[in-house]
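Remarks on the structure that follows.
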There are 2 protein chains.
Amino acid sequence: MRDIKPLIAPRSIAVIGASANPTKSGGVLFHNLVTGNFKGPLYPINRTAAEVMGVRAYPVLADVPEKVDLVYIVLPRQHVEDAIKQCVAAGARAACIITAGFSEASQEGRADEERLRDIARASGLLLAGPNTIGMVNAEVGMMGSFVNFPHWEAGGVSFFTQTGIFTGALMLSVMSAATQRLPVGKSIDVGNKVDVDELDFLNYVADDPGTKVIGFYIESIRNPPAFFEKAHQVCRSKPIVVLKPGRTRAGAAASAAHTGSPASADAALDAALAQHGLARAEDEDDFLNALRALVMLPRPRGRRVAIATTSGALGVIATDLVVEGGLELASFEPVTLAAMRSILPEWLAPANPFDFWIGIDVKGPREAHETGLTAVFVDPNVDLVLCTLLAPGNADFAEFGALMRRLRRSYDKPVAVVIYGGEAQQRWTADLEGANVPVFRTTRAGARALSLLVQATL
Amino acid sequence: MRDIKPLIAPRSIAVIGASANPTKSGGVLFHNLVTGNFKGPLYPINRTAAEVMGVRAYPVLADVPEKVDLVYIVLPRQHVEDAIKQCVAAGARAACIITAGFSEASQEGRADEERLRDIARASGLLLAGPNTIGMVNAEVGMMGSFVNFPHWEAGGVSFFTQTGIFTGALMLSVMSAATQRLPVGKSIDVGNKVDVDELDFLNYVADDPGTKVIGFYIESIRNPPAFFEKAHQVCRSKPIVVLKPGRTRAGAAASAAHTGSPASADAALDAALAQHGLARAEDEDDFLNALRALVMLPRPRGRRVAIATTSGALGVIATDLVVEGGLELASFEPVTLAAMRSILPEWLAPANPFDFWIGIDVKGPREAHETGLTAVFVDPNVDLVLCTLLAPGNADFAEFGALMRRLRRSYDKPVAVVIYGGEAQQRWTADLEGANVPVFRTTRAGARALSLLVQATL
């Protein structure tokens, strides 16, 4: 087992191809490292400039006065091999090749890439990429990406991805949201995965105190037995969600074309993920929603879910989705049913899904929500709560946020909230900010997030 | 076949239970009818008030100087039967019972409801409800709902739902969106469906020039053979999407509890929907997305989809989703591949999914998108286009909206657009407003919308 700390948490960084030109990848990446306040020394390598963005530049890596931990390489493809040789000669510990056009592109590119790998391996140089967007580590202030993220929210999620720009644009969308941002402390994109792979990353984050939840976007697993053995052990304390497309034959072919890796046999992979306690996301939304649930919520004690709703229809829709996701409907205790009855007319018997819309007419919105939601949170047979709530004017009340915060704090049960309505929908969501209550845009998203939470933790 | 026009498009409306109290359903409903500018006369029925909201009121329906088409009943449950008898005595043509607490609530409620039905049927009074949010028909200015919709967007979608408040809150969310609102001209919620049902509605919208696309949220079908025979004929010119939850055993039980209707055998229903050319949505988001695609897009000529993307990963994810949705990946013509090659480096061979991210580096964002997207739209082997695009700063260009509008207009092929990124994501979406280009929030949503479009039209 090798230590990839020089790659993920470097003490010093050089950028071969750094420039002051903001339209070039090397310009954007260096700008992001500077403005991201990297905590160690930065060394732009540029044959002609004396400085880049006010930072002293060096013509070649060998001129840098120390052995750097990490070298970003942002050069045209034909110059990459020379840069790697410079890294080896200068005693750098790790390199991240941003440049694309290798094994994902052609047989010639594959041969070039294998040569890079051989050079690196012979010398012990850690290699990420080629064909990557780069790496972010908020702990050391490394915004080492050629996409700029003005609103990065640091936190306990650590990402490993095997793809190019996808992570960047997805993170931009996530970080642009006004609420419910996913807190990502570390995001490592290894692109074509010529050297450093998912197992190296897993070994690192297993012992990383900043990592609470782990997300993998992978298109192949290099050494499945070793990966699953380690993952099985890690996921007891740090839940893991895997997004691995290629479920269909056409998807597997597209995956092979994308990253140059042979696609894994999907059914075997699916079984291995389930067997070892990893959750599998179906698409990017599923993936992000599951990670948000995992980083915000406690582990459930079981898979018995209460659906508390103010829409009979959404309750029925939610029932299908949670059952299809492997959850069970909780059976309420008599005392719970009695509490529920107190906000319903006598002719209406409560059940699961618990639809208490009419309780709003009977008791008003505040009391109906407070009594109804408290009842499901208190019930010892309820391991998780899915709230699908409607917020038209007559269901609105000022204390919704305070109520959910109190329930979340008092009972420490996983909860997912879906809200439909007009203005109150926005306000209810805003009032939950910082409360570790994940809000989802659709019933499916909420139900899937709870299902994946259970898959990843039970 | 009976004509339900007096219910859906009444010339005159009375409201039994109308009040000036905005916290009561009868107050909100009457307020919405007045402010919605109903085109015919409105008659509030109120035992004590001389006028309601400035409109002359009558103590009982019999005092109204004409036989009204439609009577809304917003009264406590115990007064509903008397109100129905008033409707019959006064010669009203239709009644809509907002009040809940009937067959969905208890055996006693079911008996009461059956008595209402018998009274109505004996006299030919059309009955919608009980347990409904009400009805909207933008053509006659009828905002006959106890939820207020300040931003209703009228258009070619006609909705039939068998549920209470769900439609209301869903419509509030849809109509609160800044972009991509679903244009709904008619929305009829029949609640417990004591009388007027999905077949009556289908017969009406079949000949309604304002209806282009039909959406059903149903939990049961009263007369499946007759419904499917008619639907099979209607959907050739007006596509139909059905959201019918209860796929799982638990979901079917929840459905039965919700509306008091016995749940249909799901597998048989699923087969019948497919056999007769109706699309089936899995959840509320699926339903709304499919309707938006259907109302904005032309019919596809086949099921061959091109995935045009600036993210290899999203392309792989999309491939799984479209194949699982019953679509096929299109094979591009040589001339298409040549056009694609013109924006790629020579080492990269284009395929489907067509990932042209690197073309942005090679040719700049405008030319890469213009050449890449035009190529897939032009190709005669492409029936539908799924664009999953990334919009970080270096992929952004001012003419995105104009380009998509031109492609949409010139080739008249169904297209779904998914955009990830920061600020440009918002601007690109805003620039497509009014262009009949549906934008979706996730790859799954876009892929499912195209799949359901094909299910509903081929």
Filter segment A:261-273 for residues that are open to solvent by 40 Å² or more (accessible area, probe 1.4 Å) and at pLDDT 90 or above and give the result. A:D270, A:A271
What single numbered condition from (1) touching a Leu at 6+ places or on another chain (Cβ under 6 Å); (2) at the interface with chain B (Cβ under 10 Å from one of its Cβ atoms) fails to hold for A:T163? (1)
A:G101 vs. criteria on the phi > 0 side of the Ramachandran plot and either touching a residue at least 24 places away in the same chain (Cβ under 8 Å) or more than 14 Å from chain B (Cβ to nearest Cβ) (or both): yes
For a quick check of your reading of the model, give me the residue pairs whose first member lies in segment A:271-287 and is free of Cβ contacts under 8 Å to residues at least 60 places away in the same chain, whose second is part of a helix (DSSP H, G or I) and open to solvent by 40 Å² or more (accessible area, probe 1.4 Å), with beta-carbon atoms closer than 7 Å and at least 6 apart or on different chains. A:A272/A:P224; A:H276/A:H232
Which of the numbered conditions does B:A62 fail, given that it passes all the others? Conditions: (1) touching a residue at least 12 places away in the same chain (Cβ under 8 Å); (2) surrounded by 19 or more Cβ atoms within 10 Å (Cβ to Cβ); (3) on the phi < 0 side of the Ramachandran plot. (2)
Does B:E153 satisfy the criteria of being under 27 Å from the mean Cα position of the chain (by Cα), open to solvent by 60 Å² or more (accessible area, probe 1.4 Å) and of a type outside the set (G, A, S)? yes
Of the residues in segment B:288-331, those that are out of contact with any Phe, Trp or Tyr (no Cβ under 9 Å at 6 or more places or on another chain), open to solvent by less than 10 Å² (accessible area, probe 1.4 Å) and of a type in the set (S, T, Y) come to B:T319
Give me the pairs, please: first residue somewhere in segment A:16-43 and within 13 Å of A:V55 (Cβ to Cβ) and without any contact (Cβ under 8 Å) to a residue 24 or more places away in the chain, second residue anywhere and of a type in the set (A, V, I, L, M) and surrounded by fewer than 20 Cβ atoms within 10 Å (Cβ to Cβ), beta-carbon distance under 6 Å, and either six or more positions apart or on two chains. A:V34/A:M53
So if I check each of B:V322, B:V362, B:V418, which one is within 14 Å of another protein chain (Cβ to nearest Cβ) and in contact with a Cys (Cβ under 8 Å, 6 or more places away or on another chain)? B:V418
Exclusive hit being on the phi > 0 side of the Ramachandran plot and touching a strand residue (DSSP E or B) at 6+ places or on another chain (Cβ under 9 Å), set A:G434, A:G421: A:G421
Among the residues in segment B:205-226, are any away from every other protein chain (no Cβ under 14 Å), within 20 Å of B:G129 (Cβ to Cβ) and of a type in the set (F, W, Y)? no
Selection within segment B:29-59 - buried (at least 23 other Cβ atoms within 10 Å of the Cβ) and more than 20 Å from B:G91 (Cβ to Cβ): B:L29, B:F30, B:L33, B:V52
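Matching residues to (1) out of contact with any strand residue (DSSP E or B) (no Cβ under 8 Å at 6 or more places or on another chain); (2) crowded, with 17+ Cβ neighbours inside 10 Å:
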residue: A:L75; (1), (2): no, yes
residue: A:Q86; (1), (2): no, yes
residue: A:I97; (1), (2): no, yes
residue: A:A100; (1), (2): yes, yes
residue: A:R115; (1), (2): yes, no
residue: A:P130; (1), (2): no, yes
residue: A:G144; (1), (2): no, yes
residue: A:S158; (1), (2): no, yes
residue: A:T167; (1), (2): no, yes
Let me spell it out: the conditions are (1) surrounded by fewer than 24 Cβ atoms within 10 Å (Cβ to Cβ); (2) in contact with a helix residue (DSSP H, G or I) (Cβ under 8 Å, 6 or more places away or on another chain), and A:N192 meets all of them except one. Which number is the exception? (1)
So B:G251 ticks every box in (1) facing chain A (nearest Cβ under 8 Å); (2) within 28 Å of B:V418 (Cα to Cα) but one. Which box is left unticked? (2)
In segment A:326-359, residue farthest from A:L453 (Cα to Cα) [restricted to those that are among the charged types (D, E, K, R) and within 11 Å of chain B (Cβ to nearest Cβ)]: A:E346
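Yes/no per residue for (1) of a type in the set (D, E, K, R); (2) within 23 Å of B:K193 (Cβ to Cβ); (3) not in a loop (DSSP other than H, G, I, E, B):
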| position | (1), (2), (3) |
| --- | --- |
| B:H31 | no, no, yes |
| B:N37 | no, no, no |
| B:A62 | no, no, yes |
| B:K85 | yes, yes, yes |
| B:F102 | no, yes, no |
| B:E114 | yes, yes, yes |
| B:L127 | no, yes, yes |
| B:M135 | no, yes, yes |
Residue count, segment B:10-41 (criterion: of a type in the set (S, T, Y) and at pLDDT below 90): 2
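So, in segment B:204-235, of the ones that are basic (K, R) and over 16 Å from B:G156 (Cβ atoms), which residue ends up least open to solvent (accessible area, probe 1.4 Å)?
B:K230
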Of these, B:H258, B:H276, which one is touching a Phe, Trp or Tyr at 6+ places or on another chain (Cβ under 6 Å) and open to solvent by 10 Å² or more (accessible area, probe 1.4 Å)? B:H276
For B:Q107: the one exception among (1) within 13 Å of chain A (Cβ to nearest Cβ); (2) within 32 Å of the chain's Cα centre (by Cα): (2)
For segment A:323-338 the number of residues that are farther than 15 Å from A:D355 by Cβ and in a helix (DSSP H, G or I) is 5
Read through the list (1) touching a Lys or Arg at 6+ places or on another chain (Cβ under 6 Å); (2) surrounded by fewer than 17 Cβ atoms within 10 Å (Cβ to Cβ), then give the number of the only condition that B:V242 fails. (2)
For B:M404, only one of the following conditions fails: (1) within 14 Å of another protein chain (Cβ to nearest Cβ); (2) touching a Leu at 6+ places or on another chain (Cβ under 7 Å); (3) of a type outside the set (F, W, Y). What is its number? (1)
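Taking segment A:1-16 only, how many residues are open to solvent by 20 Å² or more (accessible area, probe 1.4 Å) and either of a type in the set (G, A, S) or not in a loop (DSSP other than H, G, I, E, B) (or both)?
Residues that pass the stated criteria total 2.
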Within segment B:169-184, is even one residue away from chain A (no Cβ under 13 Å), touching a residue at least 12 places away in the same chain (Cβ under 8 Å) and open to solvent by less than 10 Å² (accessible area, probe 1.4 Å)? yes
Quick check, is A:A449 under 17 Å from the mean Cα position of the chain (by Cα), more than 9 Å from chain B (Cβ to nearest Cβ) and of a type in the set (G, A, S)? yes
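The values are calculated or read from the model by the stated rules, or taken from the named source; none is laboratory data. These figures come from a predicted structure and were not determined experimentally. So basically every Cβ, Gly included, is an ideal-geometry build from the backbone, and we count neighbours across all protein chains shown. Accessible surface is based on the protein model in full, side chains and every heavy atom, while ligands, DNA and RNA are left aside. Shrake-Rupley method; radii C 1.70, N 1.55, O 1.52, S 1.80 Å.
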